[in-house]
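Student: My questions all concern the structure below.
The values are calculated or read from the model by the stated rules, or taken from the named source; none is laboratory data. Small disclaimer: the values here were computed from a predicted structure and weren't measured. Reconstructed Cβ throughout: ideal geometry from the backbone, glycine too, with neighbour counts over all protein chains shown. Note: areas computed on protein heavy atoms with side chains; ligands, DNA, RNA excluded. Shrake-Rupley method; radii C 1.70, N 1.55, O 1.52, S 1.80 Å.
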Amino acid sequence: MRILILGGTTEASALARLLANDARFEATLSLAGRTERPAPQPLPTRIGGFGGIDGLVRHLRDEKIAAVVDATHPYADQMSKHAVAACDEAAVPLASLVRAPWTRQTGDEWHDAIDMAAAVEALGPEPRRVLLAIGRQELPLFAGAPQHRYLARVIDAPAGVALPPQLTLLQARGPFDLAAETDLLRDHRIDLVVSKNAGGDATYAKIAAARALGVTVVMIARPDKPAGHVTATPEEAVAWLDHVRRSLRGV
């Protein structure tokens, strides 16, 4: 059975490893192409968009895709909207691998922001030392608050955009451990951490480090993200795929 995985997350990579040697499925992993050098994957991988909903529908039909797993980032809401609409139009079953969000723990100092613009406002007028753990796409928004000193951790450096004047780029790829994150916040005298509520383990250490050091986290809420059949783990996604396979075979 031919499978399309919409990826870009640690869960997508874990699902790819599970399916790589599974004779029941012929899977392809699709990446949006926002990372210049994505980590190697054990499945055939396509890079780039589909050309909207219509393009995804054509791909599903041309490639005879029997099922789709949306394992995109919790903030990739547009791709998920397209997946739901395209799978509905093409009558292709869709599962969504949904990563649980982080929740407040005792000792956390969180300021909730509904979106990135609200996060910029939450920094306040007084100069602060801010860790931006949000990726590179929305860094230009913080140019509107130039009084702060920013440390932005990214996989790929942004290019061709206006950035805050007092910004230092740190290129690194997770996962990150607690000791290193604690040292990072302490060494750079970070006052505030700006983070998306990504969930999962790979980047949680910065939240635990902020808690330990009494650093406030500006936590950006997740967007509304439509979903198909919700699964919580790669293993659940494989079980769902096998259910679809058996149903198509009439077993």
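Student: For segment 84-127, what does the alpha-carbon gyration tensor say about shape, rounded, prolate or oblate, given a ≥ b ≥ c as the root eigenvalues, a/c under 1.5 as rounded, and a/b over b/c as prolate?
Tutor: In terms of gyration-tensor shape, oblate.
Student: Considering only DSSP beta bridges where both residues belong to segment 101-201, give the percentage that are antiparallel (nearest 5).
Tutor: 0
Student: So, for the chain, what is the accessible surface per residue at a probe of 1.4 Å, expressed in square angstrom?
Tutor: Working: 12520 Å² over 251 residues.
Spelled out: the 1.4 Å probe surface of the chain, per residue, equals 50 Å².
Student: Send over the Kirkwood Rh of the chain, from the inverse of the averaged 1/r over different Cα pairs, rounded to one decimal Å.
Tutor: Working: mean 1/r = 0.0513 Å⁻¹.
Value: 19.5 Å, from the Cα pair sum.
Student: Further question: Tell me, what is the 1.4 Å probe accessible area of His59, in Å² to the nearest 10?
Tutor: In the full protein context, His59 sits at about 40 Å².
Student: Now, a different point. With the cut-off at 1.5 for a/c, could you classify segment 175-237 from its C-alpha gyration tensor as rounded, prolate or oblate?
Tutor: Numbers: a/c = 4.08, a/b = 1.93, b/c = 2.11.
Oblate.
Student: Can you count the Lys pairs in the chain with C-alpha separation below 23 Å, eight or more apart or on different chains?
Tutor: Step by step, the pairs that qualify in the chain add up to 5.
Student: Going by a ≥ b ≥ c, the root eigenvalues of the Cα gyration tensor, does segment 1-86 fall in the rounded group (a/c under 1.5), the prolate group (a/b larger than b/c) or the oblate group?
Tutor: Details: a/c = 1.66, a/b = 1.11, b/c = 1.49.
It comes out oblate by the Cα gyration axes.
Student: Determine the relative contact order of the chain: mean sequence separation of Cα pairs under 8 Å and six or more apart, normalised by residue count, in whole percent.
Tutor: 23 percent.
Student: How do Asp77, Asp187 stack up against each other in accessible area, from largest to smallest, with a 1.4 angstrom probe?
Tutor: These residues rank, largest area first, as Asp187, Asp77.
Student: Quick one: pull the percent of accessible area on the chain belonging to carbon and sulfur, 1.4 Å probe, ligands and nucleic acids left out.
Tutor: Solvent-exposed carbon and sulfur of the chain make up 50 percent of the total.
Student: Among DSSP beta bridges lying fully in the chain, give the percent that are antiparallel, nearest 5.
Tutor: Working: 0 of 40 bridges.
So the antiparallel bridges in the chain amount to around 0 percent.
Student: Sticking with this one: Among Ile207, Ile47, Ile190, which one moves the most in a GNM of the chain with springs linking Cα atoms closer than 10 Å?
Tutor: In the Gaussian network model the winner is Ile47.
Student: Enumerate the amide H contacts of Leu167 below 5 Å, restricted to partners 5 or more residues apart or on another chain; note that Pro and chain-start residues carry no placed amide H.
Tutor: Tyr150
Student: Residues with beta-carbon under 10 Å from that of Asp242, excluding Asp242: net charge, scoring Lys, Arg +1 and Asp, Glu -1?
Tutor: Details: positive: Arg24, Arg245, Arg246; negative: Asp22.
For residues surrounding Asp242, the net value is +2.
Student: While we're here: Just from its helices, what would the mean residue ellipticity at 222 nm be for the chain, if runs of 4 or more DSSP H residues each count -39500 (n - 2.57) and the sum is divided by every residue, rounded to the nearest 500 deg cm²/dmol?
Tutor: Computed ellipticity for the chain at 222 nm equals -9500 deg cm²/dmol.
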